[in-house]
Amino acid sequence: MGIAERKVREKERRRRDILDAAERVFFSKGYESSTMDDVADEAELSKGTLYLYFNGKDELHFAIMEKGMKLLLNLIEEKLDPKENGRMNLISIGLALVDFSKKHPDYFNALIFFQSRDIEHQKMDEFRLKKFLQGRSALKLLNEIIIKGMHDGSVRGDIEVEKVSMTIWAQMMGVLVMYSTKEFAFEHFKVSLEDLIDTHLQLIQHGLKPKI
């Protein structure tokens, strides 16, 4: 291994160590209550060293959210059934979201927190944000599933795919945000997260079903 390659690997390892430390801090104390000093102490590094890798809390949280999104996408892809039609596979996405919230609650909360914040006021690297939006994403999966449904006849053909995908994603995330912040109220009325997702998907199915 050459010197240059070793330096690259050491930099990647240091970045992972910092991210792991940030996860422990954010997941235990909460994002709002955590500071870069807390992360530096957990990582056993100077705060100045942290800023060589991340420009602040927002960028650290974004990196954690990215990890969570990858886990969610893997879970969605595991649940998609190529033998089912497009409309039925939309249900799989809802089920994957519920599974994700149970298997990875900390990453789930990181994703919800990111989705509920105003990106315009976050100190984010614009290039990195655009790269994330253009990469592998739930929206692209939704696009593919809806297009498949249009081809196999399970989804009506008079819709604008990207608008519908974004609407479905926004609605599902809205359901998750609402439940995560008002869980006690839903439990009082004996409505579970599964009930909400299932009802939401039934409405989507009804709306996307081709007209006879």
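Summary of values
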{"read-out": "Residue-by-residue Karplus 3J(HN,Hα) for the range 174-190, coefficients 6.51, -1.76, 1.60, Hz, glycine and proline x", "value": "x, 4, 5, 4, 4, 5, 5, 9, 10, 4, 4, 5, 5, 5, 4, 8, 6"}
{"read-out": "Folded to 0 to 90 degrees: helix 138-152 orientation relative to the chain principal axis, Cα", "value": "20"}
{"read-out": "Residue order, fewest to most surrounding Cβ atoms within 10 angstrom, among Tyr31, Tyr107", "value": "Tyr31, Tyr107"}
{"read-out": "Distance histogram in 10 Å bins (all Cα pairs of the range 57-208, percent per bin)", "value": "10, 39, 35, 15, 1"}
{"read-out": "Set of lysines with alpha-carbon distance to Lys83 below 25 Å, sequence-local pairs under 8 removed", "value": "Lys70, Lys140, Lys148, Lys209, Lys211"}
{"read-out": "Debye log10 I(q)/I(0) at q = 0.13, 0.17, 0.29 Å⁻¹ for the range 147-212, Cα point scatterers", "value": "-0.45, -0.67, -1.26"}
{"read-out": "Rounded if a/c under 1.5, otherwise prolate or oblate - the range 1-87, Cα gyration tensor axes", "value": "oblate"}
{"read-out": "Angle between the chain longest axis and helix 57-79 axis [Cα atoms, degrees, rounded to 10]", "value": "40"}
{"read-out": "Of Lys102/Lys182; Lys163/Lys190; Lys67/Lys102, pairs whose Cα-Cα distance is over 26 Å", "value": "Lys163/Lys190"}
{"read-out": "Relative contact order of the range 1-54, defined on C-alpha pairs under 8 angstrom at six or more residues apart (%)", "value": "32"}
{"read-out": "Relative packing of 84-90, 10-16, 163-169, which averages over residues the other C-beta atoms within 10 Å, highest first", "value": "84-90, 163-169, 10-16"}
{"read-out": "Residues Ser116, Ser46, sorted so that the one with the fewest Cβ neighbours within 10 Å comes first", "value": "Ser46, Ser116"}
{"read-out": "Most fluctuating residue given options His104, His188, His200, as computed from a GNM of the chain linking Cα atoms under 10 Å", "value": "His188"}
{"read-out": "Using alpha-carbon coordinates, inclination of helix 86-103 to the longest axis of the chain, degrees", "value": "40"}
{"read-out": "In nm, spacing of pseudo-spin labels at Tyr51 and Asp152 (7 Å Cα→C-beta vector)", "value": "5.3"}
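Computed from the coordinates by the stated procedures, all read-outs in this text should not be read as laboratory data. Because the structure is a prediction, the values reported are computed rather than measured. Glycine also receives a Cβ, built like all others from the backbone with ideal geometry; neighbour counts cover every protein chain displayed.
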